[in-house]
1. Could you list, in sequence order, all residues of segment 91-101 that are at negative phi and either modelled with pLDDT of 85 or more or part of a loop (DSSP other than H, G, I, E, B) (or both)?
2. When the residues of segment 231-277 are filtered to those that are within 20 Å of the chain's Cα centre (by Cα), surrounded by fewer than 20 Cβ atoms within 10 Å (Cβ to Cβ) and among the basic types (Lys, Arg), which remaining residue is nearest to residue 199 (Cα to Cα)?
3. In segment 385-406, how many residues are at pLDDT below 75 and part of a helix (DSSP H, G or I)?
4. So, in segment 354-373, exactly how many residues are surrounded by fewer than 21 Cβ atoms within 10 Å (Cβ to Cβ) and among the small types (Gly, Ala, Ser)?
5. Being among the acidic types (Asp, Glu) and in a loop (DSSP other than H, G, I, E, B) is the filter here, so list the residues in segment 242-286 that pass it.
6. Which residues, counting only those in segment 318-365, are part of a loop (DSSP other than H, G, I, E, B) and over 22 Å from residue 179 (Cα atoms)?
7. If you take the residues in segment 201-215 that are without any contact (Cβ under 8 Å) to a residue 24 or more places away in the chain and under 12 Å from residue 248 (Cβ atoms), which one is surrounded by the most Cβ atoms within 10 Å (Cβ to Cβ)?
Amino acid sequence: MRIDRILIVDDEDELRRMLVDYLGSQGYTALGTRSIMQSEEALRTDAFDLVIADLRLQDGSGLDLLRQLKQLAPRSHGVLMTGYATMETAVEAIRLGLFDYLIKPIVPAQLDLLLQRLESIRRLQSENSYLRQQQADVGGDEIWGRSSLMQDILEMVKKVAQTHATVLIQGESGTGKEVVAHAIVRHSPRANMPFVKVNCAAVPETLLESEFFGHERGAFTGAVQRREGRFETANCGTLLLDEIAEIPLSLQVKLLRVLQEREFERVGGNKTIRIDVRLIASTNRDLHEAVRQGQFREDLFYRLNVVPINLPPLRLRGQDIDDLVEFFVAHFARKHGKTIRGITPWSWQRLRAYRWPGNVRELQNTIERAVIMTGPGGEIEVPEFALPEKASAFDTMNVADQLPTVDEMERRLIGHMLLHTNLNKTHAAEKLGISLRTLRNKLRAYRSAGYDTEKPGSWVA
């Protein structure tokens, strides 16, 4: 993480001005003070990433000031500089946990090396923090599924992961958009860099800009100190903007600038901050439709839609359900200390027939509940799932009445393949084993019948 604001404490006016001027020329915001009293006031009124204090000051020792850093500025790092180096002073500096110990006269190369080391350490600390937070609760980063739909998506993930391209993941709630984002990061050159997530729908609209870009002290009521935004925290890594369709139009303009220029200013600030962030966006809404309705900027959509990944709902991944069920049963049996002999045949039938409107997330919760309710050493029975009574075709007296016609099955198959190929008609025709002309003729017929062929997800279910 980049060092931004630096406080120089030295009562030698010429040296202090030289250090402040040099740091300013290197893009840092530096402030100089000549006494402990002035420095304490500065630390109370502003946030500094680094405090470099001389050992001998006109009103005391720089060590006394640096001892107070944990109370005055817990996030600040301390560096002692002196022209009177002694072993006792060095030992005391180490005991206080100071970052470094500089011997005068100070030259620019010393400062450059110190700042590079400090930024590297802060970045590693940030990465470790986020890596701990991002440990997946279930299944790690794996994209579960042997179906051709999911295998092709996994192949696409591996290809796009090696690039720095922006990715837009679309799919119903619970289809695994965040899992796909994790997989992209895991296979990318940024795998060991910060991976930061923001749920745009969970942050109040008035605070979203500050969440993205950070703010300066006093930028608004309650901004008692400077705060880094998520873009800044994710620098050199990856930022996932979940539910991106919920971003207000006023903020979409600023987000577009970040994608184009890779720079921004904190709220209430005027310093331009440059970043290197790989962006992944996800949404369960149809962004094409949001653009058409004027709820989402078209230029931002095209900036985000560099590599689109459309996740199929679980009801279209039939052969994957068995694998997911077996995995979740084993996982939750271990988690809850249960011994489960398996699932009864009728229960399997019910699971396969249910349409899973909540997708993988609903399946996961359903299996966990069933494992908890099943007795030790028992088999999971249908009642333990607590699925809706009208959950499947098996609950009806006349299953044949609910079977689709051949034409309807053909339309669904074409719709699935269009989703699978991200609306690439040439690839869809090849996979379907028909000519491109035949596919176009069928799509023309579907349009005449009232189906939106640009949104096959609306007519494949």
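The values are calculated or read from the model by the stated rules, or taken from the named source; none is laboratory data. Since we're looking at a predicted model, the values are computed, not measured. In this analysis, Cβ positions are derived from the backbone assuming ideal geometry, glycine residues included, and neighbour counts consider all displayed protein chains.
1. Taking segment 91-101 and keeping what is at negative phi, we get 91-96, 98-101.
If the condition is that a residue be at negative phi and either modelled with pLDDT of 85 or more or part of a loop (DSSP other than H, G, I, E, B) (or both), then 96, 98, 99 are the ones that fit.
2. Taking the candidates together, the pick is 254.
3. From segment 385-406, those at pLDDT below 75 are 388-406; that's our starting set.
Going one step further and asking which of them are part of a helix (DSSP H, G or I), we end up with 393-395, 399-402, 406.
So the answer is 8.
4. 1
5. Of all residues in segment 242-286, those among the acidic types (Asp, Glu) come to 242-243, 246, 261, 263, 265, 276, 286.
Matches in segment 242-286: 243, 276, 286.
6. As a first pass, look at segment 318-365 and keep what is part of a loop (DSSP other than H, G, I, E, B): 336-341, 344, 354-358.
Within segment 318-365, 336, 337, 338, 339, 340, 341, 344, 354 qualify.
7. It comes out as 203.
Yes or no, residue by residue, for (1) outside any loop (DSSP other than H, G, I, E, B); (2) in contact (Cβ under 8 Å) with a residue 40 or more places away in the chain; (3) assigned by TED's automatic domain parsing to the domain that holds residue 108:
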site	(1), (2), (3)
30	yes, no, yes
37	yes, no, yes
43	yes, no, yes
48	no, yes, yes
53	yes, yes, yes
66	yes, no, yes
